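Data block below; observations after.
The values are calculated or read from the model by the stated rules, or taken from the named source; none is laboratory data. Treat the numbers as computed from the prediction; the structure is a model and nothing was measured. Note that we place each Cβ from the backbone using ideal geometry, even for glycine, and neighbour counts take in every protein chain shown.
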Amino acid sequence: MRILHLLAVFYRTSIQTDIEYRADFFTRLVASLLGLMTTIGSLAIAFQYAGRIRGWSLGQAMVLLAVYYLMDGLIEMFIAPNMREIMNQIREGTLDFVILKPINTQFLATFRTLNIWRMANVLVGIGLCVYAIGGLSLTVGPREGALFAITLGSGCAVVYSFWLVLVTLTFWFIRMDNLEQIIWQAFETGRYPVDIYPRWLQITLTYVVPVMFIITIPAGALSGRVGPDTAAVSVVVAVVSVALSSCFWRFGLKHYTGASA
């Protein structure tokens, strides 16, 4: 209950701050729609010459694209703002103010901020998902819905853990901004099924930058391509990822030299 109360306070404060920049929401929404139309156009051209690509139908690929936008919005709303702020605090030595608080440092540092206007991509993802399911005659029942919720939650945990490891490296390597850009470029590949890429790239997008667990598996669960076994694997991967990244974070904190040192 204490954690939920703190989250409510954190997010209420963030929303009050973000309200000053309402135009950002509409800018992001227009940009997301333009990017969406470009990607849908390329998918339509590809599927015009093939009914299925590596086992993916057009409807399933549309669901994948919807999950991509949904996950991108969730990352930019909840994860990215906090992780970027941690990098700045480590560089400037102001992480002291977080460490000295009488609460878990990882929780406070990684859940402190919410960027409400990044909801634009979430709305685009939900809208496209509804269209793909209804307009393209995909069958989605309670089983698919439950598997999707499980794999989507696991995907969020995986990307949180991955970014936490990246942030923790800032304790030793001050500037990690360029690496973040490389990671985002890899994340962009999630617009399309991982199965269509060469084998070496599939391995990279599964075990190095885990786009497979973040986007492809949740989309597969919603479109009926993923069963309970794969969902269980995604949960295990998520639990292990969170545990390992938390251990690495605590190890990194021991090497932190703040402004008070």
Selection from the stretch 198-238 of residues that are free of Cβ contacts under 8 Å to residues at least 40 places away in the same chain and among the small types (Gly, Ala, Ser): Ala232
Which numbered condition Thr170 misses (of (1) farther than 23 Å from Gly73 by Cβ; (2) in a helix (DSSP H, G or I); (3) out of contact with any helix residue (DSSP H, G or I) (no Cβ under 8 Å at 6 or more places or on another chain); (4) not charged (D, E, K, R)): (3)
Matching residues, the stretch 1-30, being of a type in the set (Lys, Arg) and either modelled with pLDDT of 80 or more or part of a helix (DSSP H, G or I) (or both): Arg2, Arg12, Arg28
Glu85 being among the charged types (D, E, K, R), touching a Ser or Thr at 6+ places or on another chain (Cβ under 9 Å), assigned to a helix (DSSP H, G or I) and without any contact (Cβ under 8 Å) to a residue 60 or more places away in the chain: yes
Test: residue in the stretch 42-64 that is under 17 Å from the mean Cα position of the chain (by Cα), hydroxyl-bearing (Ser, Thr, Tyr) and under 21 Å from Thr189 (Cβ atoms): no
Residue check, Glu92 modelled with pLDDT under 80 and of a type in the set (D, E, K, R): no
Residues that are at pLDDT 85 or above and in contact with a Ser or Thr (Cβ under 9 Å, 6 or more places away or on another chain), drawn from the stretch 172-194: Val194
Among residues of the stretch 92-111, those that are of a type outside the set (Val, Ile, Thr) and assigned to a helix (DSSP H, G or I), counted: 7
Filtered residues of the stretch 42-77 (kept if under 17 Å from Tyr197 (Cβ atoms), at pLDDT 80 or above and of a type in the set (Ser, Thr, Tyr)): Tyr68
Meets criteria (assigned to a helix (DSSP H, G or I), surrounded by 13 or more Cβ atoms within 10 Å (Cβ to Cβ) and modelled with pLDDT of 80 or more) for Leu114: no
